[in-house]
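Readers should treat all values here as calculations from the given coordinates under stated rules, not as data from a laboratory. Since the structure is predicted, the reported quantities are computational estimates derived from the model, not experimental observations. Here the Cβ positions follow ideal geometry from the backbone for every residue, glycine too, while neighbour counts run over all protein chains shown.
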Amino acid sequence: MNPVVGIAAFVAVSVATAVIGFYGLRISRTTGDFYVASRTVRPWWNASAIGGEYLSAASFLGVAGLVLLSGTDALWFPIGYTAGYLMLLLFVAAPLRRSGAYTIPDFTEVRLDSRPVRRVTSLVVVVVGWLYIVPQLHGAALTIRITTGLPSWVGSVAVVIVVCLTVVAGGMRSITFVQAFQYWLKLTAMAVPLVFIALVLAGNAVPSVAEANTNPTGLAPTGPYQNISLLVALLFGTLGLPHVLVRFYTNPDGQTARRTTLIVLGLLSVFYLFPTAYGLIGRMFAPGLAQGGRSDALVLLLPGRLIGGPAGDLLSALVVAGAFAAFLSTTSGLVVSLAGVISQDVLGGSVRGFRLAALISATVPLGFAFMTDSLALAGSVGLVFAFTASTICPALLLGIWWRGLTDAGAIAGMVTGGVLCGGALVAGALSGPAASGAAMPQWLAQPAAWTVPAAFAVMIVVSRATKGRVPRTLTKVMTRLHTPERPLATERQGTAER
């Protein structure tokens with residue numbers, strides 16, 4: 001690919017992101033604008049924004065790379081990523097919106113009437129957010145190195161700079177516009193090159209096809225345990241992602257929160273068709289890209305490999321723009337959610353505190369990105385899902401649906417899940433190559449199947465042992481969570497009649 005074309009695509013999407021972000025500054029004036037866009041975001045806008053921030057480096061680059069490496073075994077990733085939103089729709093979206101909270105720690109404090117549980121939740125949210133940002137910066141580093149030949153650190157630093165500018169400028173309201181635009185850019189960047197690739201393959205210039213039984217890497221198929229554990233991580237992990245959950249606070253009411261989630265399911269289902277197709281085409285026509293750690297670059301390299309010439313460069317530039325949109329949108333959402341937590345718990349909750357917290361939230365993971373390297377974007381993000389499923393998710397689900405949860409139980413469960421899952425991931429990383437997982441035991445490579453039940457069990461057992469700590473405000477809070485709001489039109493009609 002022509003490096004000039006790659007640089008132009010990267011600059012174009014960065015400038016577009018900054019311009020849209022600064023537009024949001026014009027209408028971001030209050031604290032509510034910065035934290036939850038004053039709870040006025042309508043379903044289609046919010047669903048597009050959720051799609052923008054949720055479809056990260058793992059979705060845009062990693063899924064296709066895993067399909068190239070593992071074939072049909074990798075299809076559990078897009079299935080799990082999408083199906084997690086069905087669980088959000090059924091169990092979390094509306095009650096969380098009705099809680100009236102700004103952040104997940106706000107919710108746990110209101111539900112359990114406890115400052116200690118808020119502090120523990122805040123710590124877990126920050127850890128999850130930073131762990132999730134690092135793969136986005138790795139993806140940016142990979143993209144800038146592959147497409148332009150510039151040093152890897154340029155991509156990571158550029159993402160952090162653009163994100164800081166947009167988040168500091170307008171907060172949640174600004175980022176809503178940015179992420180909605182970036183979802184549709186990512187979908188276009190995936191779909192258009194694939195159409196041209198399909199036309200080439202359907203014509204006379206079809207490259208040689210690999211044998212049907214060709215395995216580019218020689219990896220053994222995954223077993224039932226690994227698949228089940230991965231699905232547990234993805235399904236339950238989605239329920240605890242801080243940058244996704246904070247989006248439901250921006251809806252006007254619980255009904256629109258559910259409608260938003262339903263639209264998101266459709267948007268994600270459409271999007272994941274494309275990286276899956278890229279992976280299958282790459283496995284058939286470009287299996288050599290699986291070698292040398294280039295699998296995550298499949299989406300970036302395939303248009304140039306199969307089409308070539310100026311047309312291949314232009315289509316590759318579009319893919320590069322979509323890739324950077326993925327890195328920017330997901331990182332922006334994470335920084336907004338982390339800034340809200342850090343600002344409220346440490347810096348007083350003001351707009352100035354939010355802006356300072358945003359800078360901290362973006363720069364700390366940049367240091368971790370410089371010290372580490374990712375060879376499998378989707379796999380590394382899947383491990384973050386496992387950690388989230390073992391910590392935030394049990395507290396959220398039990399807090400919404402079980403009256404017996406206590407602050408002691410929530411803290412014990414989150415600490416247990418975090419220690420077990422974090423310890424398993426560290427032990428697994430030290431025991432063998434993380435890229436393949438072949439050298440480590442399955443229960444370390446995919447720990448969610450046992451760490452998630454352990455976290456739930458500890459929360460329930462400790463809560464039953466500390467029944468006296470059930471908050472006095474329980475009935476009031478649970479009533480608020482589970483009582484549907486009056487439709488806005490009905491409310492206005494009743495006001496007019498009075």
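General observations
- Prolate/oblate/rounded call for segment 80-150, Cα gyration tensor, a/c under 1.5 rounded: oblate
- Prolate/oblate/rounded label for segment 329-377 (Cα gyration tensor, a/c 1.5): prolate
- Prolate is the label for segment 217-374, because a/c, from the alpha-carbon gyration tensor with a ≥ b ≥ c as root eigenvalues, is 1.5 or above and a/b exceeds b/c.
- Summing Cβ point charges (Lys, Arg +1; Asp, Glu -1) relative to the Cα centre of segment 258-376 gives a dipole of roughly 280 debye.
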